[in-house]
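Laboratory data are not the source of any read-out in this text; all were calculated from the coordinates shown. What you are looking at is a predicted structure, and each value in this text was computed from that prediction instead of being measured. Here the Cβ is made from the backbone with ideal geometry for all residues, glycine too, and neighbour counts use every protein chain on show.
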Amino acid sequence: TAQLKKLAQDAGKMYFGTATDNGELNNTQYVNILTDTDEFGQLTPSNGMKWFAIEPEFGVFNYSMGSVVADLAEENGQILRCHNLVWHSQLAPWVDALTWSKENLTEALIAHVTAEATHWKGKCYAWDVLNEALNDDGTYRNDTFLAVLGPEYIKIAFKAAAAADPDAKLYYNDCNIERVSNKSDSARKNIIKFLQDDNIRIDGIGLQSHFTVGRSPSLDDQISNMRLFADLGLEIAITELDVRVPDPPNSTGLEMQSKVYEESVGACVQVDECVGVTVWDFYDPFSWVPDTFPGMGSATLYFANFTKHPAYQGIVNALVNG
Ligand code: G3I
């Protein structure tokens, strides 16, 4: 039987991995696949390292939720991607509720990033330092950090992360930047060059890759886009790959889905600077998609009965053939 991590390594990639979450770990059949290290060489906690979990009250830190997945990865010798230090969503409510001066929010932001990155120092292959800071038109997202600090908050976050965990690769991670577009151009200009012009370290770009059948970027567009990021000296990772289809899917939908997975993984295989691929969980019942997009689903690699989608073979094809 094919094994994704092994095939990914044969293709010159560092890993093939998956996101997972604490509440999923009591499903034995699921965990058997999750911890098959020839299948998944890398884990990302899908919720446990987010601000609401880590610093639920101002100055009160709790690493227990994130540690469950971090420890599992360590036990199994799986690479850990850490997700995430700064994001407007799943933020602790106090951040948006308080009235901030620039000085106080700067201090709170540095304290959060420093504490969390220090806690897992040396354990994260990569940190998603900043998540989804751009609107789909490419403008900066107007969250509390931008409103109080302006775009400077981006520099503050990356500087603090670099100081706290010098060995982790520092990433900007976003959705809808998988093709050449206003938004991916903006990521290059308003996040990456913005940091680089000030000599602040950023090492990687995370292309979330939450795709919909019939609307995904072409293989060539994904490759061209990755090369534009590589031209800036960055490595690339596909960080949250899934492909939603109208649910329940028919065989045409599943074949189209397979093609989308194949093209995305294939783009990574063809671009040397793309280090690996993470799927945003691999088991349909644990996917975020049906709750968020009513009528859509079946976005992962395994059906509820643990049989594989055709997309699994699509990924194998991409890893074997590019
Ligand atoms: O913790 C509560 C629990 O107490 C409650 O009983 C339960 C009932 O619904 O909800 C739980 O919270 C859920 C949380 O995940 C933790 O499981 C939220 O409802 C649910 O909305 C939340 O969804 C997460 C989502 O981010 C929020 O935007 C998904 O699991 C997670 O996979 C998803 O991941 C994001 C990435 O971080 C960033 N990119 C997009 C991606 C998909 O949205």
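Below are the figures for this structure:
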{"quantity": "Extension gain, N32 back to T292 (0.36 nm per residue minus Cα-Cα distance, nm)", "calculated": "90.9 nm"}
{"quantity": "FRET efficiency, 1/(1 + (r/R0)^6) with R0 45 Å, evaluated for E255 and F61 via beta carbons", "calculated": "0.45"}
{"quantity": "Cysteines in the chain that, by Cβ-Cβ distance, have no pairing candidate under 4.7 Å", "calculated": "C175"}
{"quantity": "Full-stretch length increase - N182, T118 - with 0.36 nm per residue and alpha-carbon distance subtracted", "calculated": "19.6 nm"}
{"quantity": "Residues M65, M226 arranged by fewest to most Cβ contacts within 10 Å", "calculated": "M65, M226"}
{"quantity": "FRET efficiency, 1/(1 + (r/R0)^6) with R0 41 Å, evaluated for A97 and N321 via beta carbons", "calculated": "0.20"}
{"quantity": "Flagged links, alpha-carbon separation over 19 Å, of K102/K159; K102/K155; K5/K121; K50/K102; K123/K169; K50/K123", "calculated": "K5/K121; K50/K102"}
{"quantity": "Proportion of all alpha-carbon pairs of the range 41-208 beyond 20 Å (%)", "calculated": "48 percent"}
{"quantity": "Contour excess over end-to-end distance, with Cα ends at D198 and L232 and 0.36 nm allotted per residue", "calculated": "10.8 nm"}
{"quantity": "Using alpha carbons only: equivalent-ellipsoid semi-axes of the range 1-124, gyration tensor based, whole Å", "calculated": "33, 15, 11"}
{"quantity": "Under 11 Å, Cβ to Cβ, from D174 - net charge with Lys/Arg +1 and Asp/Glu -1", "calculated": "-3"}
{"quantity": "Percent breakdown of C-alpha pair distances by 20 Å bin, ordered from the shortest bin, for the chain", "calculated": "34, 59, 7"}
{"quantity": "Integer Hz, Karplus 6.51/-1.76/1.60 couplings in order for the range 295-306, x for Gly and Pro", "calculated": "x, 10, x, 6, 8, 10, 9, 10, 6, 4, 8, 6"}
{"quantity": "3J(HN,Hα) from dihedral phi, the range 3-18, Karplus parametrisation 6.51/-1.76/1.60, rounded to Hz, x for glycine, proline", "calculated": "9, 5, 5, 4, 5, 4, 5, 4, 7, x, 8, 6, 7, 10, x, 8"}
{"quantity": "Net charge contributed by nearby residues that have their C-beta within less than 15 Å of I205 (K/R +1, D/E -1)", "calculated": "-2"}
{"quantity": "Rh (Kirkwood; distinct C-alpha pairs) - the range 183-259, Å", "calculated": "14.1 Å"}
{"quantity": "Tail weight of P(r) past 19 Å, computed on alpha-carbon pairs of the range 166-226, percent", "calculated": "33 percent"}
{"quantity": "Filtered chymotrypsin sites (Phe, Trp or Tyr not before Pro), the range 56-158: DSSP coil and at most 11 other beta carbons within 10 Å", "calculated": "none"}
{"quantity": "For the chain: relative contact order, % (alpha-carbon pairs under 8 angstrom, 6 or more apart)", "calculated": "16 percent"}
{"quantity": "Per-peptide average of other Cβ atoms within 10 Å, ordering 5-12, 290-297 highest first", "calculated": "5-12, 290-297"}
{"quantity": "Exposure proxy order (Cβ contacts within 10 Å, fewest to most) of S218, S258, S209", "calculated": "S218, S258, S209"}
{"quantity": "Sorted by Cβ neighbour density within 10 Å, fewest at the top, the residues T307, T278", "calculated": "T307, T278"}
